[in-house]
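Enquirer: Sharing a structure with you now.
The values are calculated or read from the model by the stated rules, or taken from the named source; none is laboratory data. What you see is a predicted model; the values in this text were computed from it and never measured. Here Cβ is always computed from backbone atoms with ideal geometry, including for glycine, and neighbour counts include all displayed protein chains. Calculation scope for accessible area: heavy atoms of the full protein, side chains included, ligands and nucleic acids excluded. Shrake-Rupley method; radii C 1.70, N 1.55, O 1.52, S 1.80 Å.
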Amino acid sequence: MSVLHSRSADPAASQMLEIAGRDGRSLAYDRYDDMQPQCGYGQLGICCRVCAMGPCRIDPFGDGPQRGVCGATADVIAARNLARSAAVGAAAHSDHGREIALALLATAKGEARGYRIRGEAKLTKLAREWGIDVDNRSPEQIAEKVAETALAEFGKQEGRLRFLQRAPEKSRRRWERMGATPRGVDREIVSALHSTHMGVSNDMKHLISLCVRSGLADGWGGSMIATELSDILFGEPAPIAAEANLGVLKADQVNVVVHGHEPTLSDALVAASQAPEIQQECEKVGAKGLQLSGICCTANEILMRHGIPLAGNFLQQEMALVTGAVEMMIVDVQCVMPALKELADHYHTKVVSTSAKARFKGVEHVQFDERRALESARDILLAGIRNFARRDPSKVYIPAEKESLIAGFTTEGVFDHLGGRYRPSYRPLNNAIIDGRIRGIVGIVGCNTVKETHDAAHLALTRELLRHDVLVVQTGCSAIACAKAGLLRPEAAETYAGRGLKEVCDAVGLPPCLHFGACVDNSRILMACVEICREGGLGDDIAELPVAAAAPEWMSEKAIAIGFYAVATGIFTVLGEPLPVLGGTETADYLTGGIEQDLGGKFAFEKDPLKAARLIIDHLDQKRKGLKLAPMMYEPRPGMESRL
Ligand code: NFS
Ligand code: SF4
């Protein structure tokens, strides 16, 4: 039990690991153990398979080869591999954005029954920003233009992405100087791939500038399009109560779990699940109803807009199946483990894939059709309900753990909260930072990884920052980790926040950790930084603000792209697992040092969450000093390390 316990900070997850172990099921943790020792060259980023003269590997101890067959050095190899990963990460987020733009276009043209434009205020605002005429036009007509303009951002060859205009001028100038201003989303990704072909770019710094360009094309491009257009199509989130953890699954109901990323299907599933027909069908099979819940970012999307409960984060996808209570798991794209099908076969769970972009061997594919979204969603749900009869009650174990939370914060919504409905403004937030109640703002985001104790680093880092009066904003699986631990409740301020932060939270009724949505919604965090600059009193450059970012348990290539746009926007970014470049010492030194001169932000690699917190607090204090802000009003709350 102690070993298993150390694998997760979440008691529900620990129970599921124990059950899986008892029943001889192998989960990601077991496969990780089987994988030891992992390849040191890969970890250091100094193996290359870019051409068929390789694979080549550089000896990290200096005794063996120091160059690949073509002459590539450790730094070229490490930076080139990284540029490819950043491009893949940016591609994943951006293709998601494209999907939303296509869905909005189809909706605007009346070709996608089942969706309607729910975020008219945002639609008008974005249309105005893009110079699209809104007078005497219906929302659909405006949406058509907005969707077409967004789609053109992907294919644009020259100029620069429209949303870059939102960034502070100092950032834009730095990007220009580095030659990293993204032109079109797709172009930057293709260009990174071309430049990393054998014998193209062989300069570390140039290769890192490609990481930056792909990253910016993601954060200020594809991801921002995904967020904005999702708000237009599915509605702008507003604060909403919900629950999180495997305990949201119901023993007497049909459990359908959505897992993946694109909200086009999950949002339709929410609507379809509410039809009276669904309830009737459930009763016919002897179930009391249908419980929809989610894993990973698609869960965050429907949590933010509909309060659908979170079943868990990335490392809980397999555990959900081990409960034996899941009739159907619906997957689309990204972060879906290929292991699911084999595991599901030990239970009655039906796994269904729905995206044209992904297939899983042996998994039934039901192509989701946006043009008939509701019918498609209903058919999928009905198949899930029919599967209830196959559930084996002797295999069912649902942990009791679930926690309440508030989600649904946005750049604009936080406005309302902080400034009161009559004068929405960031003024109170800026003032709280200026007068030393709030030390700064930190985005804690990203995944889980088997290399660390599940959720532990997210929780330890968050709690440590809270007690130092840091306001925490979250997305992705990090937000889910903190939701399960009760940190997304307003009461968490009482338990964890320093006195200054608590005063602010109490005054406005906010939790000390704000759930900003899925990983693509990190763009909301960028925009919150922009708003803080705009409000005034804290400088006109995000690089000057007392802000930072952290991804303490990151694992995906999307996290690499996110890290680059954060750093490129002037944000100090602490990663748990180091980027796989340590074998290229110049590359590693640049990313954790010199890059700050070029972009205003830099990376740090630190696995220990308390040390990471220290790095972040020192950084915030240094920025506060730079801005000549008042000293912090109160001492930090006494340490709570023992709570871990
Ligand atoms: Ni982000 Fe979301 Fe989770 Fe990581 Fe995967 S779900 S897009 S990549 S694992 S946070
Ligand atoms: Fe080796 Fe160079 Fe080919 Fe890479 S590109 S595999 S280092 S020869």
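Enquirer: Within region 63-90, what residues put their amide N at less than 15 Å from the label point 7 Å along the Cα-to-Cβ vector of Asp589?
Expert: 74-76
Enquirer: Still on this structure: Under a straight-distance cross-link criterion of Cα-Cα below 28 Å, which lysines are reachable from Lys125, leaving out those fewer than 8 residues away in the same chain?
Expert: Partners within reach: Lys109, Lys145, Lys156, Lys170.
Enquirer: Given N residues in region 77-234, what is Rg(Cα) / (2.2 N^0.38 Å)?
Expert: In units of the globular-protein estimate, region 77-234 measures up at 1.12.
Enquirer: What does the extension gain come out to for Gln622 and Ala251, with contour length at 0.36 nm per residue minus their alpha carbon separation?
Expert: 128.4 nm
Enquirer: What figure in square angstrom, to the nearest 10, would you give for the accessible area of Val530 with a 1.4 Å probe?
Expert: My reading of the accessible area for Val530 is about 10 Å².
Enquirer: Only helical DSSP H runs with n ≥ 4 go in: add -39500 (n - 2.57) per run for the chain, normalise by residue count and round the 222 nm mean residue ellipticity to 500 deg cm²/dmol.
Expert: It lands at -14000 deg cm²/dmol.
Enquirer: Taking all protein chains in place and a 1.4 Å probe, what share, in percent, of the accessible surface of region 504-549 do carbon and sulfur account for?
Expert: That share works out to 52 percent.
Enquirer: May I pose another question? What percent do you get for the relative contact order of the chain when only Cα pairs under 8 Å and 6+ apart count?
Expert: RCO, the chain: 17 percent.
Enquirer: How far apart, in nm, are the 7 Å Cα→Cβ label points at Ala389 and Ala271?
Expert: 3.1
Enquirer: Hey, how many Å between the Cα centroid of region 377-395 and the Cα centroid of region 460-492?
Expert: 35
Enquirer: With N set to the residue count of region 2-57, report its C-alpha Rg divided by 2.2 N^0.38 Å to two decimal places.
Expert: So the Cα radius of gyration is 1.68 times the expected 2.2 N^0.38 Å.
Enquirer: Between Cys39 and Tyr397, what FRET efficiency follows from the Cβ-Cβ distance if R0 is 30 Å, with the result rounded to 0.05?
Expert: E between Cys39 and Tyr397, to the nearest 0.05, is 0.25.
Enquirer: Whose amide H sits under 5 Å from the amide H of Asn448, counting only residues 5 or more places off or on another chain, with H placed in the peptide plane?
Expert: Phe314, Leu315
Enquirer: Can you bin region 246-395 into rounded, prolate or oblate? Criterion: square roots of the alpha carbon gyration tensor eigenvalues sorted a ≥ b ≥ c, rounded for a/c under 1.5, prolate for a/b above b/c, oblate for the rest.
Expert: Verdict is rounded for region 246-395.
Enquirer: State in Å² the accessible area per residue of region 2-57; use a 1.4 Å probe, count heavy atoms of protein chains only, and round to the nearest integer.
Expert: Solvent-accessible surface per residue comes out at 56 Å².
Enquirer: Measure of size requested: the Rg and Dmax of region 567-644, with Cα atoms as the atom set and Å as the unit; please supply both.
Expert: Rg and Dmax of region 567-644, Cα atoms, are 14.9, 44 Å.
Enquirer: Shifting gears a bit: Probe 1.4 Å, all protein chains in place: accessible area of Ser171 in Å², nearest 10?
Expert: Rounded to the nearest 10, that gives 0 Å².
Enquirer: Continuing with the same structure: Quick one: with all protein chains in place, what share of the accessible area of region 295-366 is carbon or sulfur, to the nearest percent (1.4 Å probe)?
Expert: 53
Enquirer: Taking the solvent-accessible surface of protein heavy atoms with a 1.4 Å probe, what is the per residue accessible area of region 474-525 in Å²?
Expert: 21
Enquirer: Ordering Phe368, Phe360, Phe61 by accessible area with a probe of 1.4 Å, largest first, what comes out?
Expert: I get Phe61, Phe360, Phe368, largest accessible area first.
Enquirer: Working with all protein chains in place, sort Met204, Met224 by solvent-accessible area computed with a 1.4 Å probe, largest first.
Expert: So the residues, ranked largest to smallest area, are Met204, Met224.
Enquirer: Aspartates and glutamates within cross-link reach of Lys205: Cα-Cα under 18 Å, excluding same-chain residues under 8 positions apart?
Expert: Of all the aspartates and glutamates, those that pass the test against Lys205 - Cα under 18 Å, at least 8 places apart if same chain - are Asp75, Glu176, Glu188, Glu586, Asp589, Glu596, Asp598.
Enquirer: Separate question: What number comes out for accessible area per residue over region 77-234 if the probe is 1.4 Å? Units Å², please.
Expert: 37
Enquirer: Here is a follow-up. Okay, which of region 109-124 sit inside 12 Å, backbone N to the point 7 Å along the Cα-Cβ direction of Glu140?
Expert: The answer is 109-117, whose backbone nitrogens lie closer than 12 Å to the label point.
Enquirer: Please state the relative contact order of region 77-234 as a whole percent: Cα pairs under 8 Å, 6+ residues apart?
Expert: 42
Enquirer: Next question. Give me the log10 of I(q) over I(0) for region 352-479 at q = 0.11, 0.13, 0.15, 0.18 Å⁻¹, as the Debye formula computes it from C-alpha points; what are the numbers?
Expert: At q = 0.11, 0.13, 0.15, 0.18 Å⁻¹ the computed log10 ratios are -0.75, -0.92, -1.01, -1.11.
Enquirer: If eta is 1.306 mPa s and T is 10 °C, what Stokes-Einstein diffusion coefficient results for region 404-626, Kirkwood Rh from Cα pairs, in µm²/s?
Expert: Once the numbers are plugged in, D ends up at 93 µm²/s.
Enquirer: Right, here's the next one. For the charge dipole of region 77-234, defined by +1 on Lys and Arg C-beta atoms and -1 on Asp and Glu C-beta atoms about the Cα centroid, which residue among Ile77, Leu123, His93 has the Cα displaced farthest towards the positive pole?
Expert: Value computed over the given set: Ile77.
Enquirer: Given region 246-395, what count of lysine pairs have C-alpha atoms under 23 Å apart, with each pair 8 or more places apart or on different chains?
Expert: 15
Enquirer: Percent of accessible area on region 2-57 owned by carbon and sulfur, 1.4 Å probe?
Expert: Summing carbon and sulfur atoms, their accessible area is 55 percent of the total for region 2-57.
Enquirer: Under 8 Å for C-alpha pairs, at least 6 residues apart: give me the relative contact order for region 246-395, rounded to a whole percent.
Expert: Once normalised by length, the contact order is 29 percent.
Enquirer: Right, next: Could you list log10 I(q)/I(0) for the chain at q = 0.05, 0.07, 0.09 Å⁻¹, which the Debye formula gives when each Cα is one point scatterer?
Expert: Those come out to -0.21, -0.42, -0.72, one per q.
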